[in-house]
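Some notes on the structure that comes next.
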Amino acid sequence: MGTRYPSDKFTEGYIMKRHWLGCLLLVFAAPVGVLAVPDNSDTAAPFLGYSAQSAGVQADWEKKFRDGISPDNIRESMRRLSARPHHVGSPYDKDNAEWILSKFKEWGFDAKIETFDVLFPTPKVRVLELLKPTSFKASLQEPAVPGDPTSDQTAEQLPTYNAYSADGDVTAPLIYVNYGNREDYDQLDRMGISVKGAIVIARYGENWRGIKPKVAAEHGAIGTIIYSDPNGDGYGKGDSFPQGGWRPSQGVQRGSVMDTEYPGDPLTPGVGAVPGAKRLALKDARTLTKIPVLPISYADALPLLSALTGPVAPEDWRGGLPITYHVGPGPAVVHLQVTSNWDIKPIYDVIATLKGALAPDQWVIRGNHHDAWVNGADDPISGQSAMLEEARMLGVLHSQGWSPSRTIIYCAWDGEEPGLLGSVEWVETHLADLQKHAVAYINSDDNTRGFLLAGGTQDLQAFASGVAQSVKDPDTAFSVYERAHLYSIAKAKSADERDDLRKRGDLVLEALGDGSDFTAFQDYAGISTLDMSFGDEDDGDQYHSVYDDFYWYSHFVDTDFIYGRALSQTAGSAIMRLADADVIPVDYTPQADAIAKYETELEKLLSDKQEEFNERNLELKEGVFAAIRDPRRPLLPPPAETIPPFMNFAPMKNSVVSLKKSAEHFSRVLSDFRAKGSPTLPAKSLAVINDDLLRVSRLFLNQAGLPERPWFKNQVYAPGAYTGYGAKPIAAVREYMDEKKWTQADGQIPQVSKVLENVSAGIEKAAADFEHELKSIN
């Protein structure tokens, strides 16, 4: 997993970070009571949740923190951590964990390693060969590049493969399926092409890689090949490595294809993979693929695609290879064999704690994973080394007299790449304590250069905006907030959109789904979450390849590590500000507005489908498709559709009205707090308010979970079953609508509405108690 940008990073479905799945849009909205401050000085940004007295002290400590962040330290941490391959189960993975542990201890943290035993398959046999009309055997190798000193560590490198692929040995005709999403198979149906009994070849992009074999198997395919097309992240983007930063002809994207039913260890869903944990038999693990899957380079893909005949691929199916793209079948026949070692491997989470001085039972949690598919300079060490520099500087401040009010917990996760193993197992193991104590979780993963990209639960939207106003962009005179804002205006597609953006005053956080270590915190434990990085000015991509190493990163990405420093400054300031705020710095109006938008989108989806299916059925009756059919390029008409029935959204609409009312009440109390000069509240008053606020995010959970994916408890924030990383807000309803199961979708509305009513009541209680405590000091 890791991140998500060009090719399968961003198009994998995550669309976060450099190419946010969903898309991690940076726009700005002004919630009630939040002041948009254009000044870029450190003291200009609003310190949400702070008394006037504590805000001044906080600003001074944060400035010391940001001034002390060193890009040279980030560079050297990356050099050390990415020096050798460090996948799960490798010697250097454990060595890195122990080195990270030693650094946390050196900086004054109470640190330890927590170990979990998880299923992690590694390849034993990989064969891909073209049998007809000519013979060709795929190399399935990434050769060393002269001048790149770590690309030749062959003995330690994981071979190119997709983890959690089923074992299989199959021979069949080959069919090209574009990106391999459900819409592509609809197009194949219209072309009269069935993949039943075939092996399909799909290009990376547009959806998460695990969706490709899932949908292929649902349509009867017996194997899947996934290749990196040069239009996605190769010479179609720029010069190939080593002349430039983009994927070379023999570069391959490794990655997990674990199904999205639940993340974490496939054998211990819902419980930590600790000694004595009840484990499923391998045959009962529900997140393994049903058919064998193998990733390849475009050099290996070219002979296979060149051997296909049959219909010419639709225009938007054609990639960047120098061939005419055909769909098949015929005459190409391929042999695919994949066999794995299905071993239990240890993973090593490094957990480092800086105890709070005033509210030690309230926890602010920060995480980034340390495992990689190979050397992983970008994914994940660019984020991990920035996080370590944050921790070092917090240790320096602690030695100078600063102590956080709340407890800060830094987590260097292992096993993220195969399926969020380290973070999920840790959250499942410590669920009760986390739900009792956790204030928020801040995540990062990979980091490049450019604009601040952030997503999360919108109760932290105003807070995140304030932090972003405090950090200067390293390449310009703007704050990272203002630069992101102007970037969103530059990307706007209409005058109305630009006008709307110019009226808005804070960063809009798009919903997170899956794909990095925030998942268990948000989707399973109900903890407010932020994910952040810098990106969108990339000069290359070597996602999950041997070439994602220190040489490549330091020559083509953040070459002077100034955006690593910016990430440290931004995430570290957020940690300090969350840890020291008198009142937990949330504002629920942006969140209520976002949920109202999600509900409106559901209604629009229903209306659009009713209109679309009515029109299609009318055109079928009129003979439109028969009339426009080209006999030289025949397309079957699409099937007639049952018109979606009425759905009763009234309960959800009413609960959204209540939610917005409660959120606006809380925002008014925040405004009153500032209007009174942000007075210092007694410790007893703060305890009452913060106890209320700590509970609100838990109210988004339904312990029964989503109807067909019960691990996912959050009823507003969740990934889609067919989007992978991408968020599918209000998934209990939306997923059934996407499946055209209208009655089941309608049946989920009451329980989602009840969850929103519970959230509304929790916010209303927090607002009332806050209001009462403010009046008591008059």
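Tabulated data
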quantity: Extent along principal axes [Cα atoms of segment 100-182; Å; largest to smallest]; calculated: 65, 38, 26
quantity: C-alpha long axis of helix 52-68 to longest principal axis of the chain, angle in °; calculated: 50 degrees
quantity: Dipole magnitude (debye, nearest 20) for segment 320-415, charges at Cβ of Lys, Arg, Asp, Glu; calculated: 200 debye
quantity: Segment 719-778 - Rg and Dmax from Cα coordinates, angstrom; calculated: 18.0, 57
quantity: Pairwise FRET efficiency - ASP67 versus SER102, Cβ, R0 = 25 Å, nearest 0.05; calculated: 0.45
quantity: Space enclosed by the convex hull of the alpha-carbon atoms of segment 179-310, per residue, Å³; calculated: 135 Å³
quantity: Residue among GLN153, PRO133, PRO143 farthest towards the positive dipole end of segment 129-171, charges placed on Cβ; calculated: PRO133
quantity: With eigenvalues of the C-alpha gyration tensor scaled by 5 and rooted, segment 245-324, Å; calculated: 39, 15, 11
quantity: Semi-axes of the equivalent ellipsoid for the chain, Cα gyration tensor, largest first, Å; calculated: 42, 32, 24
quantity: Ordering of 444-454, 319-329 by packing [mean C-beta count within 10 Å, highest first]; calculated: 444-454, 319-329
quantity: Total charge dipole magnitude, segment 416-479, about the Cα centre, Cβ charges on Lys, Arg, Asp, Glu only, Debye to nearest 20; calculated: 340 debye
quantity: Helix 382-399 vs. the chain, principal-axis angle (Cα, 0 to 90°, nearest 10); calculated: 20 degrees
quantity: Ordering of 422-431, 92-101 by burial proxy (mean other Cβ atoms within 10 Å per residue, highest first); calculated: 422-431, 92-101
quantity: Alpha carbon centroid spacing (whole Å) that separates segment 491-510 from segment 393-447; calculated: 33 Å
quantity: Dipole magnitude of the chain, debye to nearest 20 (Cβ charges: Lys/Arg +1, Asp/Glu -1, about Cα centre); calculated: 780 debye
quantity: Residues HIS555 and ASP608, FRET efficiency given R0 of 45 Å [Cβ-Cβ distance, rounded to 0.05]; calculated: 0.45
quantity: From the C-alpha gyration tensor of segment 450-604, square roots of 5λ in Å; calculated: 27, 20, 18
quantity: Rel. contact order, % - alpha carbon contacts under 8 angstrom, at least six apart, the chain; calculated: 20 percent
quantity: Expected 222 nm ellipticity per residue - DSSP helices of 4 or more, -39500 (n - 2.57), all of the chain, to 500; calculated: -12000 deg cm²/dmol
quantity: Accessible area expressed per residue, the chain, with surrounding protein chains retained (probe 1.4 Å, Å²); calculated: 34 Å²
quantity: Hull-based mean projected area of segment 45-120, where the convex hull spans the alpha carbons, in square nanometres; calculated: 8.2 nm²
quantity: Spatial separation of Cα centroids for segment 601-621 and segment 638-681, in angstrom; calculated: 28 Å
quantity: Between 0 and 90°, nearest 10: helix 71-81 axis offset from the chain longest Cα axis; calculated: 50 degrees
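The values are calculated or read from the model by the stated rules, or taken from the named source; none is laboratory data. Since the model is a prediction, treat every value here as computed from it, not as a measurement. Heads up, the Cβs are rebuilt from the backbone with ideal geometry, glycines too, and the neighbour counts pull from every protein chain shown. The area values use the complete protein model at the heavy-atom level, side chains included, leaving out ligands, DNA and RNA. Shrake-Rupley method; radii C 1.70, N 1.55, O 1.52, S 1.80 Å.
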